[in-house]
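**Student:** Below: one structure in structure tokens.
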């Protein structure tokens, strides 16, 4: 039973009206309500269960299947609300505290700030979970609830005992777009994309490499292209077909190859020793689509170029004054590995302490196209750090250490 002063909260009258008309296993039943000039009294179904917040406090890791079942039920509840007639109901306050788990059933509670689509409302919601447009004077629609759905998904994936796939990560990034027009338009569309992003059974066995590895520099001149070339050559040397892709528009690879004069070209792909790369010929000439294999993408310093990549290598300089602004938040991404170029134990320890994350040192290297024991050792250390996590780099386990 809720008995609340109308002076303290104005939304309960609409909450009562909403709940009286709704019948869904994921929505509490409102048995009765009364109101006078001062208070409103709601008699609701008692939900025996725990909130999502409490559940995650006692479950440090959860499975992908559990995430799917939970998100699917949340989608079904929101879709039911959004399909109400004559006006869709916008929930507007989706957060872990309002998601109750009653056995296998997900129940969404507290409809105090729910309201019909088409009405302007300002400042309704919880800032860390709600869409930014809810806090400006504007009309909102279903996409504000979809933003909050992405926040819940982001929270659950932080507890995933395996590794998030590229497609899952891209979907969440799209859902959390600041511009509502860039988000999925409906919950049904979001759920369809979510189901499509779930790794297939063959992908869950952990016997494949990622489709795309992004190499990003903390600043220009830290050796991003050098590292990307070295990684591409190494993968091909170890029987993992890989292609260097330049997204920087700096044409660094062309300058390097012109100086060497030792390469061959076939079907728009440049080959040199074990290296294979696609040249950036500028906007006037259509680029070559890489054949099936791993794309090692030189992103320069632009993280936006890497938004669809499966894995990141973040290149920092051993000369800190070259790092124009270390992107700490991006560096802390679970899919990101930090490489100091060239390796320097003192600087590396300081950077690792600053970020609370392991930092790898790239060896002094005069030729990125040629392999070396030092580079082999570095790459194997990075791949071995992925062992025990779902889906990445396990095919290298059979290779002896350098």
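**Student:** For segment 50-199, max minus min Cα coordinate along each principal axis, in Å, sorted largest first?
**Tutor:** Sorted largest first, the three principal extents are 41, 31, 27 Å.
**Student:** If you rank 383, 190 by fewest surrounding Cβ atoms within 10 Å, what's the result?
**Tutor:** Arranged by neighbour count, lowest to highest, 383, 190 become 383, 190.
**Student:** Moving to a separate point now. Taking all pairs of different Cα atoms in segment 96-174, averaging 1/r and flipping that mean, what Kirkwood radius in angstroms comes out? Kindly include the intermediate steps, with their values, before the conclusion.
**Tutor:** Numbers: mean 1/r = 0.0699 Å⁻¹.
Answer for segment 96-174: a Kirkwood hydrodynamic radius of 14.3 Å.
**Student:** Would you mind ranking 66, 379 so that the residue whose beta carbon has the fewest other beta carbons within 10 Å leads the list?
**Tutor:** 66, 379
**Student:** Can you tell me the FRET efficiency between residue 240 and residue 47 if r is taken as the Cβ-Cβ distance and R0 is 60 Å, rounded to the nearest 0.05?
**Tutor:** Details: r = 51 Å, r/R0 = 0.85.
The pair residue 240/residue 47 has a calculated efficiency of 0.75.
**Student:** Tell me, Kirkwood radius of segment 337-379 from alpha-carbon pair distances, in Å?
**Tutor:** After inverting the mean inverse Cα-Cα distance, the result is 10.9 Å.
**Student:** So between residue 263 and residue 136, what do we pick up on full extension, going 0.36 nm a residue minus the alpha carbon distance?
**Tutor:** Length difference between fully extended and current span is 40.0 nm.
**Student:** Here is a further query. Given Cα pairs under 8 Å that are at least 6 residues apart, what percent is the relative contact order of segment 125-198?
**Tutor:** Here the relative contact order equals 33 percent.
**Student:** What is the fewest-to-most order of 56, 139 by other Cβ atoms lying within 10 Å of their Cβ?
**Tutor:** Details: 56 17, 139 10.
The fewest-first ordering by Cβ neighbours comes to 139, 56.
**Student:** Also: So what's segment 1-131 giving for Rg/Rh, alpha carbon basis, Kirkwood Rh from the mean inverse pair distance?
**Tutor:** Rounded to two decimals, Rg/Rh equals 0.97.
**Student:** Given contacts defined as C-alpha pairs under 8 Å and at least six residues apart, what's the relative contact order of segment 50-199, whole-number percent?
**Tutor:** Numbers: 211 pairs, mean separation 36.1, N = 150.
It rounds to 24 percent for segment 50-199.
Just so you know, all these numbers are worked out from the coordinates, no wet-lab data involved. In this text the structure is predicted, and so the values were computed from the model without any measurement. Because the Cβ atoms are built from the backbone with ideal geometry, glycine has one as well, and the counts that use them run over all protein chains shown.
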